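Here's the structure we're looking at; comments come further down.
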Amino acid sequence: YEVIVTRLASSDNNLKSLSVTGYIISPTFSSNETEYTLSVPYSVESVTINATVNNNEASLTGTGSKTLAVGANTATVVVTAGDGTKKNYTIVITREKDTVNTLSSLSLTGCTLSPAFASGTTEYTCTVENSVTKTTVTAEATSSVAEVSGTGSKTLSVGKNTVNVVVKAQNGVEKTYT
């Protein structure tokens, strides 16, 4: 007599743990919960996703380093049970927009700013001779993703002339230098 015993492969396609190095996902991990969220600041360009399977017969993909674009980024960890059934766990990682709306430099031709330029100072004065009818405003944003407006050649009238240079951060918040 011969008895053949077949041991079925495990159908356990659950994770034992899921995390992002240095951050806390929401909600708190539970093997039955498959959707998570996380927000990180603009300065974070990548994260590391970690996971362990609940059953040693299972395999997983989707862990390791993930490069982030600004906005929503979906990371999917796929667990494949020993019997081939799959389960997806997703983390929507939102990389916030840059908030830096300052200048790293500001100058006007033919004139010396008073006080001397400092990124945190937004109001300046300068005096030019009557013969100076134009000035060129040059400014550079601290952040490479910020927008600067109000630069270029400006015609000067006799008396006070207000020159506004506006820095708009990636998140839309503006700061005006005058």
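Using the crude model of +1 on Lys and Arg Cβ and -1 on Asp and Glu Cβ, and no other charge, please compute the dipole size for the stretch 51-178 relative to its Cα centre, in debye to 20.
Using Cβ point charges on Lys, Arg, Asp and Glu, the stretch 51-178 gives about 160 debye.
Suppose R0 equals 45 Å; then what is the FRET efficiency for VAL3 and LYS86 from their Cβ-Cβ distance, rounded to the nearest 0.05?
For R0 = 45 Å, the calculated efficiency reads 0.85.
For an R0 of 41 angstrom, estimate the FRET efficiency from the Cβ-Cβ distance between THR109 and GLU45 and round to the nearest 0.05.
After rounding to 0.05, the efficiency reads 0.65.
Probe radius 1.4 Å, ligands and nucleic acids ignored: give me the carbon and sulfur share of the accessible area of the chain as a rounded percent.
48
At q = 0.12, 0.13, 0.16, 0.23 Å⁻¹, what log₁₀ I(q)/I(0) does a Debye calculation on the Cα points of the stretch 35-139 give, no solvent, two decimals?
Rounded to two decimals, the profile gives -0.62, -0.66, -0.80, -1.14.
Largest first, please: the extent of the C-alpha atoms of the stretch 27-75 along each principal axis, to the nearest Å.
38, 21, 12 Å, listed from the longest principal axis down.
Which net charge results when you count Lys and Arg as +1 and Asp and Glu as -1 among the other residues whose beta-carbon is under 10 Å from that of VAL78?
+2
Which of [x] 1.37; [y] 1.15; [z] 1.10 is the computed Rg/Rh (Cα atoms, Kirkwood Rh) for the structure on display?
Working out Rg/Rh (Cα atoms, Kirkwood Rh) from the coordinates points to [x].
Among SER143, SER17, GLY82, which residue has its Cα furthest toward the positive end of the charge dipole of the chain, with +1 on Lys/Arg Cβ and -1 on Asp/Glu Cβ?
SER143
Using only the Cα atoms of the stretch 61-102, construct the convex hull and provide its projected area averaged over every direction, in square nanometres to one decimal.
If I average the Cα hull's projected area over directions, I get 3.5 nm².
Would you mind telling me which residue in ASP12, ASP98, ASP83 has the biggest mean-square fluctuation in a Gaussian network model of the chain, where springs connect alpha carbons within a distance under 10 angstrom?
ASP83
Considering only protein heavy atoms, what per residue accessible area in square angstrom results for the stretch 27-178 with a 1.4 angstrom probe? Please list the in-between numbers first.
Values: 8630 Å² over 152 residues.
Here the per-residue accessible area is 57 Å².
Running a GNM on the chain with Cα contacts under 10 Å, which residue among THR162, THR37, THR122 ends up with the highest mean-square fluctuation?
Among THR162, THR37, THR122, the largest mean-square fluctuation in the Gaussian network model of the chain belongs to THR162.
The values are calculated or read from the model by the stated rules, or taken from the named source; none is laboratory data. Keep in mind it's a predicted model, so treat the numbers as computed, not measured. When we count neighbours, we look across all protein chains shown, and the Cβ atoms used for this are built from the backbone with ideal geometry, even at glycine. All accessible areas refer to the heavy atoms of the entire protein, side chains included, with ligands and DNA or RNA removed. Shrake-Rupley method; radii C 1.70, N 1.55, O 1.52, S 1.80 Å.
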